[in-house]
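Remarks on the structure that follows.
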Amino acid sequence: MDQAQNQENSSLPADRDIFERLLNGEIIPPSDPQAYRMIEASYDTKNLLMQMNNASDPKEIRDLLSQITGNQIDESVTVFTPLYINYGKHTKIGKNVFINFDCTFLDLGGITIEDGVLIAPKVSLLSEGHPISPNQRHSLVPKPIHIKKNVWIGANATILQGVTIGENSVVAAGSVVSNDVPDNVVVGGIPARIIKTIQ
């Protein structure tokens, strides 16, 4: 979305649901009359996270994550807690997904994790950012993250807002991914670049 579109979106009526506007990629200024709802929702999620992160039964963890995301988490999904999510309702998780310890999902902009994805410890998926301009710095800029099928994200990697990771691709440990990744490649570094093609 270009700057003109962002400005246009930010001037739209704020009486529409703030979470719908976030999924539409609209900039939310700190003066938005519904901004308080993001904070309230985060604390509601935190209450469920405390239960989930203290649970050891896999089914209980999936059930609590289903409540957090508002979608049924398939029994093929494995989550090693702790997992940190600031909202949850904008996270979609497919089947046969593995999420390792100590990951962080900021999902107000939307996070989609397709089937067969492997997420290593301490991975951050950050679908939210802020404008560079100091005068607008406290506005929230949401852009969705899409992790396609069979992706492997290595330990301590960070996926930034608006990024799509293509099918079967691998993100090397410690990488920061700020641009889309095509299918069937290995990327690594800061910022992440293509290292090789997967045959």
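The values are calculated or read from the model by the stated rules, or taken from the named source; none is laboratory data. As the structure is a computational prediction, the values presented were derived from the model and not from experiment. Glycine also receives a Cβ, built like all others from the backbone with ideal geometry; neighbour counts cover every protein chain displayed. For accessibility, only protein heavy atoms count, side chains too; no ligands or nucleic acids. Shrake-Rupley method; radii C 1.70, N 1.55, O 1.52, S 1.80 Å.
Just a few scattered comments:
- Within the shell defined by Cβ-Cβ distances under 13 Å, the residues around Ala55 carry a net charge of -1, with Lys and Arg each +1 and Asp and Glu each -1.
- Separation of the Ser42 and Ser178 label points, Cα + 7 Å toward Cβ, nm: 2.3
- Debye log10 I(q)/I(0) for the stretch 105-151, one point scatterer per Cα, at q = 0.28, 0.29 Å⁻¹: -1.00, -1.03
- Only DSSP H runs of four or more residues enter the estimate; each adds -39500 (n - 2.57), and after division by the residues of the chain the mean residue ellipticity at 222 nm equals -7000 deg cm²/dmol.
- Within the chain, the ratio Rg/Rh, alpha carbon atoms throughout and Rh by Kirkwood, equals 0.98.
- When the charge dipole of the chain is built from unit charges on Cβ atoms (+1 for Lys and Arg, -1 for Asp and Glu) and taken about the Cα centre, the candidate among Asn100, Ser139, Leu23 whose Cα reaches farthest toward its positive end is Asn100.
- Take every DSSP beta bridge whose two residues both sit in the chain; close to 20 percent of them are antiparallel.
- Tail beyond 16 Å, pair distance distribution of the stretch 82-199 (Cα, percent): 57
- Residue-normalised accessible area of the stretch 93-155, expressed per residue, 1.4 Å probe, Å²: 44
- Total formal charge among the other residues, if their Cβ is under 13 angstrom from that of Asn150, Lys/Arg +1 and Asp/Glu -1: -1
- Each listed q (0.15, 0.16 Å⁻¹) maps to a log10 I(q)/I(0) for the stretch 53-136, found by the Debye formula over equal Cα scatterers with no solvent: -0.51, -0.57.
- Only protein atoms count toward the accessible area here, which uses a 1.4 Å probe; on the chain, the carbon and sulfur part of that area reaches 52 percent.
- Dipole moment magnitude, nearest 20 debye, the chain about Cα centre, only Lys, Arg, Asp, Glu C-beta charged: 460
- The accessible-area ordering, largest first, of the residues Phe105, Phe98, Phe80 stands as Phe80, Phe98, Phe105, per a 1.4 angstrom probe.
- Euclidean distance between Cα centres, the stretch 132-186 to the stretch 42-114, Å: 19
- Computed about its Cα centre, the charge dipole of the stretch 89-199 is approximately 80 debye, with only Lys, Arg, Asp and Glu carrying charge at their Cβ.
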